Structures are given as structure tokens and as C-alpha cells.
1. Sequence gap at least 6, Cα distance under 8 Å: using those rules, report the relative contact order of the chain to the nearest whole percent.
2. What Kirkwood hydrodynamic radius, in Å, does the chain give when the mean of 1/r is taken over all pairs of distinct Cα atoms and then inverted?
3. Name the residue farthest towards the positive end of the dipole of the chain from the options 21, 11, 44, assuming +1 on Cβ of Lys and Arg, -1 on Cβ of Asp and Glu, about the Cα centre.
4. Using mean Cβ contacts within 10 Å as the protection proxy, how do 79-92, 11-24 order, highest first?
5. For segment 21-37, what does the Karplus curve 6.51 cos²θ - 1.76 cosθ + 1.60, with θ = phi - 60°, yield as ³J(HN,Hα) per residue in whole Hz, taken in order and with x for Gly and Pro?
6. Subtract the Cα-Cα distance of residue 52 and residue 6 from 0.36 nm times their separation in residues, and report this length gain in nm to one decimal.
7. Only helical DSSP H runs with n ≥ 4 go in: add -39500 (n - 2.57) per run for the chain, normalise by residue count and round the 222 nm mean residue ellipticity to 500 deg cm²/dmol.
8. Tell me which residues come under 5 Å, amide H to amide H, from residue 59 once H is placed; ignore anything under 5 positions away on its chain.
Amino acid sequence: MASPNVAPVFAKEFVSLKIEADRMAGGSEMLKRYQADEGGIPWFVFLDGDGKAGATSDGAKGNVGFPAAPHEIAHFRTMLEQAKRKLSDADISALVASLEEANKK
């Protein structure tokens, strides 16, 4: 999501914050607050302005982490659709397409 063609689209809606649960004070507590099941890393959550979880990377088949498989990318699309306020359908399609393209390589 940090690539030059994706970052501006992602930034329309989200502020990205990296928290390392094992290295940051309060990190593990924050992870426990939002993550339903222990899973792999990376794991992420979209929060609203009040800190309420809008969607997490916990998909039907487990943590999607960095979405690569078709079912993971589909879950990521669902997450974006659930959390969006400013993103257009075209923006979401562009973000999803960037994942699909990255996984062709």
C-alpha cells in the first residue's frame, strides 16, 4: 500500500499506523483488543475515528495478512467496502487491482 500509485488512493481514507505488539509499549494489549483469534503477521484492522474496529484481516479462512490468494484479496475488498467513507468504487477497484498485479509477479 506504500507504492507511489497506491499510497495516494489509500490515503484518501486511511492513516496507516504500524504497531509492533512485541516491541511497543501497549502494543500487545492493543492487539488483544482487536484481534479475535491469534493469527500470523502481518495482521491489520481498519478503525474509525473513535477507535472502533470497522473490519479486520481475519477472513473466513484465517488472517489474510498480505492479501495474495483470490479469497484473501476478496476479503480485503470487503474490508475496504465496509470501512470506506471517501473511497469510490473505482478507488477500491484500483487498490484490489494493485494486489492482483503484485501477485502475478
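1. Details: 98 pairs, mean separation 25.2, N = 105.
After rounding, I find 24 percent.
2. Values: mean 1/r = 0.0693 Å⁻¹.
Result for the chain stands at 14.4 Å.
3. Looking along the dipole axis, the top candidate is 11.
4. Values: 79-92: 14.6, 11-24: 10.9.
Packing proxy ranking, top to bottom: 79-92, 11-24.
5. Taking θ as phi minus 60°, the curve returns 4, 8, 10, 10, 4, x, x, 5, 5, 5, 4, 4, 5, 9, 8, 5, 10 Hz for segment 21-37.
6. Details: separation 46, 0.36 × 46 = 16.56 nm, distance 2.48 nm.
That works out to 14.1 nm of additional length.
7. Numbers: 4 runs with 41 residues, N = 105.
After summing the helix terms and dividing by residue count, I get -11500 deg cm²/dmol.
8. Under 5 Å from the amide H of residue 59: 64.
Bear in mind that the values in this text are calculations on the coordinates, not laboratory data. Treat the numbers as computed from the prediction; the structure is a model and nothing was measured. Reconstructed Cβ throughout: ideal geometry from the backbone, glycine too, with neighbour counts over all protein chains shown.
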